[in-house]
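Bear in mind these aren't lab numbers, they're just calculated from the coordinates by the rules spelled out. This structure is a prediction, so every number in the text was calculated from the model and none was measured. No Cβ is skipped: glycine too gets one built from the backbone with ideal geometry, and neighbour counts run over all protein chains shown.
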Amino acid sequence: MEGVVCTVGCPSNAQLAGRAPQCEGCPGRALCQTSVAVGDPDQELIDCRMNAIRHKILILSGKGGVGKSTIAAALSLALSRMSFKVGLLDVDICGPSIPQLMGVQGQTVVNSSWGWMPLKSPIGDVKVISVGSLLETDSTAIVWRGPRKTALIKRFLKDTFFGRLDCLVVDTPPGTSDEHLTIVKLLNNVNPDGAVIVTTPQKMALYTIKKELDFCRKLSLPVLGIVENMSSFICPCCEENSELFPNSSVEKFAEEHCISYLGRIPVDPNLARCCEEGSNVEQIHPLSPSVKSLKDIAKHLQIRLMQNEIT
Ligand code: ADP
């Protein structure tokens, strides 16, 4: 185990966590020192809950607004339509949008004797848990420092009663921050399948993916593939396809970095509207161009997960 809280330059030797020279001044130093000294009593429970879930997938993006949460929600729904038992965990603590996307806004999480019961989405067979469902009102702002976020993510993993699942999809905040470091470390013992990286074709978005790849490499988190979002627009009237970034190089980038290119999703007004309404685009607009793309990406992902089972 490396340091618990700081995001850069954690010592690679567990025994040095919180004690190495670079830990000087880190806000998570005390937490690291404690966890190394006494071990983490919650980890066993987390491992137990997470071992009941066959596949754990993190959805990452280098920057906000590229459609990461939209794709996390849509892929969960697509996988559940492929007979996967799916859970969706939202660890975007400061900007949770999963309750809205999955239509569970207004539902309350019940704390039963088995733990927090995830919410049942009315738009697909997916079990959902998010900090957004624990807040008193939609306008409550979360202004937390790292250790408090770490504690909540740990509670999500330790206390949520997902039961046996085929797949847990984890929506994360943009970038590489406390939340990412925490979730990857907490899943370390249970072999997460890896990360799906979502990007748009702009140069700036591609630039930030390099940081995501570096993060995955440093934490030994496999990359399952890249999804290119909002790269083209298919006219709803004449079905003509317009490339918004004709020189997009996401596919080439994936090839150069030996990463699977899982597919591309066009800008789809039906998808955007369904996100606003908290409805399932596949149910309401089954012929919409984004639906086919999402299905193809889910199939591609399923193949990657099956390969992981074999190896
Ligand atoms: P992120 O999680 O990366 O911040 P979101 O998933 O919240 O991004 O998406 C940002 C906005 O873009 C949302 O309003 C969403 O509905 C819209 N959006 C995402 N992907 C598409 C798409 N393929 N077509 C149309 N709108 C999209």
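Net charge of the neighbourhood of residue 128, taken over other residues with C-beta under 12 Å away and scored Lys/Arg +1, Asp/Glu -1, is -1. Counted as membrane-span-like here are DSSP H helices of the chain whose alpha-carbon atoms extend 18 Å or more along the helix's own axis and whose Kyte-Doolittle mean is 0.5 or above; these are 68-81.
Remark: relative contact order (the chain) = 20 percent; criterion is Cα-Cα distance under 8 angstrom and separation of 6 or more residues. What is the sum of charges, Lys and Arg at +1 and Asp and Glu at -1, for the other residues whose Cβ falls under 9 Å from the Cβ of residue 88? Overall, the nearby charge balance is -1. In the chain, the DSSP-assigned H stretches of four residues or longer account for a calculated mean residue ellipticity at 222 nm of -11500 deg cm²/dmol, using -39500 (n - 2.57) per stretch and the full residue count as denominator. For region 203-289, the set of GluC sites (Glu not before Pro) satisfying both a DSSP loop assignment and a count of at most 15 other C-beta atoms within 10 Å is given as 239, 240. For the chain, DSSP calls about 20 percent of its internal beta bridges antiparallel. Given R₀ = 35 Å, what would the calculated FRET efficiency be for residue 220 paired with residue 240, taking r from the Cβ atoms and rounding to 0.05? Efficiency at R0 = 35 Å is approximately 0.20. Counting only Cβ charges, +1 for Lys and Arg and -1 for Asp and Glu, the dipole size of the chain around its Cα centre is about 560 debye. Length available on full extension from residue 210 to residue 256: 0.36 nm per residue minus the Cα-Cα distance, which gives 15.4 nm. Is the shape of region 226-311 best called rounded, prolate or oblate, per the rule: a/c under 1.5 gives rounded, else a/b larger than b/c gives prolate, else oblate, with a ≥ b ≥ c the square roots of the Cα gyration tensor eigenvalues? Note, shape of region 226-311 comes out oblate.
In this simple spin-label model, placing a label point 7 Å from the Cα along the Cα-to-Cβ direction at both residue 287 and residue 306 gives a separation of 3.0 nm.
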